[in-house]
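This report refers to the structure that appears directly beneath it.
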Amino acid sequence: MTVWHGRILPVIWHFRNRGVVVMASENFDGQWIARIIERLGNRTVAGSTSHGGARALIAMKREIERGAPAAFALDGPRGPARVAQPGAVWLAGATGSPLLPVHAEANRCWTTKSWDRTMVPKPFSTVALVIGAPLSADDKQEQSTLLEEALQRNETRARQILT
């Protein structure tokens, strides 16, 4: 599963208690999110594009080979926002797993002023979750572009659902 960093909370909520493995940064914010992910019945590996990423990718590769589903904040942990980083495409290529673009939008939410504009749905809001068609990881640069485009289409569709 691939998702924009700012939409990870509603996506992880939807996929709670499924043993999804998620890479979480080793910094304070990342470990705070890791605790939420784990309380929702999923698992984390520590690492990010800026620190411990290679080690975390290898750990995620092992988990996928054991049959665990994996999720990636495609543009995290520091952005730039909505620009795909190479980790998810590398991991898909290394495991033969497809890339699944997922996007969530809420009709009522709080939005942080952080780089990723994290969306936190308000209580009793409606959340539209759009799951795009799986993509294979053939050409890494092309796949990053295709993922970005798929997530943009998913966002458009989610907004249409909410209106």
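Here are some notes:
- Backbone phi angles across region 70-77, fed through the Karplus curve with coefficients 6.51, -1.76 and 1.60 (θ = phi - 60°), yield HN-Hα couplings of 10, 10, 9, 7, 4, 10, x, x Hz in residue order; Gly and Pro are listed as x.
- Positive minus negative residues near Ala128 (Lys, Arg vs Asp, Glu; Cβ under 9 Å): +1
- For region 107-160 versus region 49-97, the spacing of their alpha-carbon centroids is 17 Å.
- Here the chain carries DSSP beta bridges of which approximately 45% are antiparallel, counting only pairs with both residues inside.
- Charge context of Arg35, other residues only, Cβ under 15 angstrom, K/R +1, D/E -1: 0
- Taking every DSSP helix (H) stretch of at least 4 residues in the chain, weighting each as -39,500 (n - 2.57) and dividing the sum by the residue count yields a mean residue ellipticity at 222 nm of -12500 deg cm²/dmol.
- Distant-in-sequence amide H partners of Val45 (H built 1.01 Å from N, under 5 Å): Val22, Met23, Ala24
- Charge tally for Trp110 (other residues, Cβ to Cβ under 12 Å; Lys, Arg +1; Asp, Glu -1): +4.
The numbers here are math on the coordinates, done by the rules we state, and not lab data. Note that the structure is predicted; figures quoted are calculated from it, not measured. Here the Cβ is made from the backbone with ideal geometry for all residues, glycine too, and neighbour counts use every protein chain on show.
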